[in-house]
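Peer 1: Pasting in a structure now, in structure tokens, and then I'll have a few things to ask.
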Amino acid sequence: MRTENPAMCDWANRMEYERWTQHKDGGRRYGHMTTNIFECVNSVLKGTRNLPVMSLVKSTYLRLAELFVVRGHTAEAQLGSGQRFSQALVKAIERNLKDLRCFTVTVFDRHHLDYTVAKTTLTGKFSLGSYRVSLRDRTCDCGYFQALHYPCCHALACCAQSPCIPEGLWPPYDGPTVIPDPGMRRAREGRPRSTRIRNNMDEADTGRPKRCGLCRQPGHTRRGCPQRGSTSGI
């Protein structure tokens, strides 16, 4: 960044690092590593972006207050049904569990729960790197464990090596049976319609001619390409 714009780096360094860097935020971001949070605000302000500033601030405040109430009711309902973790966290952990078969775990300190996790290919013949994991300190060399505040795939691989309760000793489940609503399922075919507010970054360059996705020549599309179905050039 300094080679591109030294003045910008000097301006940023005059601010406290806790205000704009994740590794110094004290754990307050909880996974906001992209601009997705701004896209959410973009969606909230669709109907009020052209109003005066006071109306814009009031609309934002009321929308956030409503959101806090809805999320609070959702959290209370999940806790009341016996759930210990949110649905978003459960889905993230399930995604990390899919990579456990590619890891080889070595215990370095059983009392302090220190491990080394070696990532290999599916065949186990080639190493793709290793990571140090401390379950006691909740840290991993990949950085996701301490940044996102939930176990990364390497930490889950270490947990799998720890003693666990056999399935025959699990307590019986007497909670509610959750049935998904088929009417809320997302359509499998077609691209969902975008409802975000467009800006100048989303506008296409009308002066650039469209090219065929098959032969990369202008004047036609892939469906009407004369090279379609031929074997020339393969």
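Peer 1: Looking at (1) exposed (fewer than 10 other Cβ atoms within 10 Å of the Cβ); (2) in contact with a strand residue (DSSP E or B) (Cβ under 9 Å, 6 or more places away or on another chain); (3) at pLDDT 80 or above, which is the only condition residue 146 fails?
Peer 2: The number of the failed condition is (1).
Peer 1: Also: Tally time: how many residues in region 97-114 are over 16 Å from residue 162 (Cβ atoms) and in contact with a Cys (Cβ under 7 Å, 6 or more places away or on another chain)?
Peer 2: Residues meeting the conditions: 1.
Peer 1: A follow-up question, please. Working only within region 97-115, note down all residues that are in a loop (DSSP other than H, G, I, E, B) and either in contact with an Asp or Glu (Cβ under 8 Å, 6 or more places away or on another chain) or more than 14 Å from residue 154 (Cβ to Cβ) (or both).
Peer 2: Once the filter is applied, which keeps residues that are in a loop (DSSP other than H, G, I, E, B) and either in contact with an Asp or Glu (Cβ under 8 Å, 6 or more places away or on another chain) or more than 14 Å from residue 154 (Cβ to Cβ) (or both), region 97-115 yields 110, 111, 112.
Peer 1: Moving to a separate point now. For residue 207, state whether it is small (Gly, Ala, Ser), farther than 30 Å from residue 77 by Cβ, touching a Ser or Thr at 6+ places or on another chain (Cβ under 8 Å) and modelled with pLDDT under 80.
Peer 2: no
Peer 1: Keeping to region 55-78, report how many residues are modelled with pLDDT under 85 and within 30 Å of residue 177 (Cβ to Cβ).
Peer 2: Qualifying residue count, region 55-78: 1.
Peer 1: Identify the single condition in (1) among the hydrophobic types (A, V, I, L, M, F, W, C); (2) modelled with pLDDT under 75; (3) under 30 Å from residue 48 (Cα atoms) that residue 197 does not satisfy, given that it satisfies every other one.
Peer 2: (2)
Peer 1: Inside region 42-86, can you point out the residues that are β-branched (Val, Ile, Thr), closer than 23 Å to residue 198 by Cα and not in a loop (DSSP other than H, G, I, E, B)?
Peer 2: Result: 44, 53, 57, 60.
Peer 1: Here's a follow-up. Please identify the pairs in which a residue from region 154-165 that is under 14 Å from residue 93 (Cα atoms) and of a type in the set (Gly, Ala, Ser) has its Cβ atom under 7 Å from the Cβ atom of a residue that is surrounded by fewer than 12 Cβ atoms within 10 Å (Cβ to Cβ) and at pLDDT 90 or above, counting only partners at least 6 apart or on another chain.
Peer 2: Final answer for the pair search is none.
Peer 1: Take the residues in region 153-187 that are within 21 Å of the chain's Cα centre (by Cα) and outside the structural domain of residue 131 (by TED's automatic domain parsing); name whichever of them is surrounded by the most Cβ atoms within 10 Å (Cβ to Cβ).
Peer 2: My answer is 185.
Peer 1: For residues in region 1-52 being basic (Lys, Arg) and exposed (fewer than 10 other Cβ atoms within 10 Å of the Cβ), which is modelled with the lowest pLDDT?
Peer 2: Per the criteria, the residue is 28.
Peer 1: Test each condition in (1) surrounded by 12 or more Cβ atoms within 10 Å (Cβ to Cβ); (2) not assigned by TED's automatic domain parsing to the domain that holds residue 45 for residue 101 and report the one that comes out false.
Peer 2: Against the list (1) surrounded by 12 or more Cβ atoms within 10 Å (Cβ to Cβ); (2) not assigned by TED's automatic domain parsing to the domain that holds residue 45, residue 101 comes up short only on (1).
Peer 1: Of all residues in region 148-193, how many are small (Gly, Ala, Ser) and not in a helix (DSSP H, G or I)?
Peer 2: The number of residues fulfilling the criteria is 4.
The values are calculated or read from the model by the stated rules, or taken from the named source; none is laboratory data. Note that this is a predicted model, so its numbers are computed, not measured. Every residue, glycine as well, gets a Cβ built from its backbone with ideal geometry; the counts of neighbours run over all protein chains shown.
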